[in-house]
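> This is the structure I want to talk about, given as structure tokens.
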Amino acid sequence: AIGYRKFSLSNKGWMGLAPAASVQGDIICILLGGAIPFVLRPIDNSLYQLVGECYVHGLMDGEAMDDLAKGKYNLHDFTIV
């Protein structure tokens, strides 16, 4: 389960396992309709590259959607290339 993964710690203190290719500056997001977080890499303006799926303790299985409904998070548009 942890092959090609590395421990990660976000700026906000979220702990998890990210793709081995992830680097500082990548962002963690949950795409609407998805159950798991993904790592995206900003490329230019509003363009992002998909790095891969990740595990983030506290954001799995719809937990983030519950927090979104409570106003804890905001929605953003991403163009993945």
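Every number in this text was worked out from the coordinates using simple rules, so none of it is lab data. What you are looking at is a predicted structure, and each value in this text was computed from that prediction instead of being measured. We place every Cβ from the backbone using ideal geometry, glycine too, and count neighbours over all the protein chains shown.
> Beyond 19 Å, what share of the Cα-Cα pairs of the chain is found? Please give it as a whole percent.
35
> Using a simple spin-label model with points 7 Å from Cα along the Cα→Cβ vector, what separation in nm is obtained for A69 and W14?
If labels sit at A69 and W14, their model points lie 1.9 nm apart.
> Okay, moving on. Report the full-extension gain for the segment D61 to Q49: residue separation times 0.36 nm, less the Cα-Cα distance, to one decimal in nm.
2.0 nm
> If you consider only alpha-carbon coordinates, what radius of gyration and Dmax does segment 18-62 have, in Å?
10.5, 30
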